[in-house]
Structure formats: C-alpha cells, structure tokens
Amino acid sequence: MTCDTYLSMLATLPVEELAYDDARRHAANCADCDRVTRVVVERERNMLMAFGELYPPVPAGPIAARAIVLSRRRRVALYYRIGLGIAAAASILFLIASRQKIVAPTGRVSETFRLQCLSPGQAAEVLRPVRSPNVSVSIREKSPLGIITVAGSPVEMKHVRAVLERYDTPSESECGVQLSVPAVIKVP
Amino acid sequence: MAEPPELVARTREGDEGAFATLVERYRPIVFRWAIALSGDEDEAEDVTQEVFVRVHRKLSSFRGDGSFDAWLYRITRRVVFRMRSTGPPPCDNAAPNVYVTDPGARVDRDRAFALVQSIAATLPMRQREVFILCDLEGRAPTEVAGMLNMKDVSVRASLFKARASIRRTILATHPCYRERPR
C-alpha cells in the first residue's frame, strides 16, 4: 500500500477501519502516515468531546412548563381563529342574503312599445286607469314613430302589456277611430 | 427511567411530570441538533423551546410506529428552517480554527460552540446533518436514512464527503502533513 492510497482511505473511512490488515501494516511502517493518523484520531476525539459538552443553558423544568403553557394558549388561539372564521363566513352570507331581499322590491322595468293603431297620447289615455304612482309613461308627441316608453314594477308592466295588446291591436280596435276609454279596466 | 414510548403515552394522558422527563431526556439532543443546523447559540435556545411546544401540541399525532428520535428530529429541522426563513439572518461570526487542538486541554463551552459553528461553515446542510448524526452521535447510517428520509446509499455518500471535507481541514492545518512530500 502506498502513502497516497493510505491517505485517500484516511480521508473518508472511520479511523477504526484503518486498524486492520494492509492499512495497519502501512501505518506501522510509515512514520508520516502514522503521525497524520494520530492527528486525525486525536482531533476527532476532541470534536466528539466538544459536541458532547453542548448543553442548553435553560434547565428542563422551565422549558417543559413554558412548552405546556404555550401549547395550551396556541390550542385556544386555534379555536378562536376557527370560531372567528365561521362567524365571518356567516356574516358575509347573511349580508349577501339580506342584500338580495332589499334589492328585489325596488327593481323597476322599463319597456318601449311600438304602437300600431293608437297615437302616443291615446295610448297614455288608455293606460291612465292602470297607472299607479310608481308607473311612469313617457311619450314624444311630435315623433312620427308612435313610440311610448313605460316604466314600472314587473307586475305593473304585465298589466300595461295586457292593456296595450287589447286596445292597440288592429283586429280588436278600429285604427283612427276615437276610442271611448272606460274609467276602470279590469285586468285579468 | 421510563422509556420514550411510555413517557409519550403518559404525556398524552395529561401527565405533566412525564412530559418534563421527556424534555429532560431530549433537551440536550435537540439543542445540539439545533446548534448544528443553525450554527447559532441564541437561535438554538429558541429552537429548543419551540420544538418542545410543538411536541406537546402534536404528541397526539405521533403514531409510535417509527422512532421517536426521528420524529423529534424532523420537528427540529422544520423549526430551524422556519426560523431561518422568517427571522433575521444569523450573525456571520468568523469561527476560530478549532481543528487545531492542544492535547490535554479542557474542551470548554466556547470551544464547543466554535467547533459546531466551524462544522456548519465547512459543510453543506445535508452533509452536516449526516456527519452530526452518524459520526458525532454514533447512529447507524440506516437509522439516519430513516430520520432524514434518504436512501441508505445517499447517507453513506454524504458521510464520505463530509468526512473528507472535515479531515482535509484538519490536515491542512497540520505542519507535518503540509510539509510532507507527496
């Protein structure tokens, strides 16, 4: 065994494995390799002793007591966080649900009707009995198109559509003839 | 003294004395791991405390089919990495050359810290872990492989590299080796 072979073994093997066979014979006959091996053995032993002397400065009792206290606090904090999360989610769901209820009644629908027989003024007259304060009718008197725009709640608009279908249909009414509008129209 | 499985079982049942015994037994080991992984004494103290807080909280999740040491080591490792990623960077103290020793001199506390700091400075994390667990704590590579979730052969390879690195540093400071004709 050469010195280089021995040193390459010394670089990676545990020193106790060098105490056998060829390696041991080489170290016994080579003063340099023997010295180097002694240095490594001695310093590694010191390293082991140093590592074994490392002790935490705080005694076990306080560490354990503090660990138990902190562990319980964290467990409680976890329950709080879970509770807060559930409460926050419930609040958000409640807000969403209540907002939908508020929005629904105030929803207004606007619709434009193209008149076939009636003039916009006549249509406004026809719609007068079904008009509540919430229903607004806008007309353009000078417009040649015969258009009327009505806005109201979906229920009111349903009545408006029914009235216009009845009085603004060529088969049902005589276009150009002066209509006598009843004071009250019963909507089905 | 009761063995870890018994202490774990008693702690689960709410026996605080058993937990204190568990801490007493594993406190130096956790502290050494923490120093080896972090290279900083103050950080190692904080890590030791935090590890035992987590042990107390998560003891119910320890199934007991594996080694308690391995479970504890994984917690220590996670705490060190978490502290390093969230806390300030550790002080970069220039470690003295602790591989040069005075035969017969008492290995004092400062010297021990300096030694571990120098190991931390010399070796990459994986090699450091393997070197500490195998060569300084005397664990078998198979056991270390289980603790680190590595293959046995990878542990041995890392150990060889770590030893080579440490011994290169030892020998580089030794006059008779430096002057030796090669």
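Here are some notes:
- Cα pair distances exceeding 12 angstrom across segment A:58-106, given as percent: 73 percent
- Expected 222 nm ellipticity per residue - DSSP helices of 4 or more, -39500 (n - 2.57), all of chain A, to 500: -19000 deg cm²/dmol
- Taking 7 Å steps out from each Cα toward its Cβ at residue A:11 and residue A:153 produces label points 9.3 nm apart.
- Taking N as its residue count, the alpha carbon Rg of segment B:31-90 over 2.2 N^0.38 Å: 1.12
- Taking the Kirkwood radius as Rh and the Cα radius of gyration as Rg, segment A:107-167 has a ratio of Rg/Rh equal to 0.93.
- For B:52, A:113, B:160, A:94, the sequence from fewest to most other C-beta atoms within 10 Å is A:94, B:160, A:113, B:52.
- Order of B:71, B:33 - criterion: other Cβ atoms within 10 Å of each residue's Cβ, fewest first: B:71, B:33
- A:157, B:147, B:125 arranged by Cβ crowding within 10 Å, fewest neighbours leading: B:125, A:157, B:147
- Kirkwood hydrodynamic radius over Cα pairs of segment A:3-52, then Stokes diffusion coefficient at 4 °C and 1.567 mPa s, in µm²/s: 116 µm²/s
- Taking a Cβ cut-off of under 14 Å around residue B:3, the surrounding Lys, Arg, Asp and Glu residues balance to a net charge of -1, with basic ones at +1 and acidic ones at -1.
- Taking every residue in A:65-74 and counting other chain Cβ atoms within 10 Å of its Cβ, the average works out to 6.
No lab work stands behind these numbers, since they all come straight from the coordinates. None of the values given here were measured: they were computed from a predicted structure. As a convention, Cβ positions derive from the backbone with ideal geometry for all residues, glycine included, and neighbour counts pool all protein chains shown.
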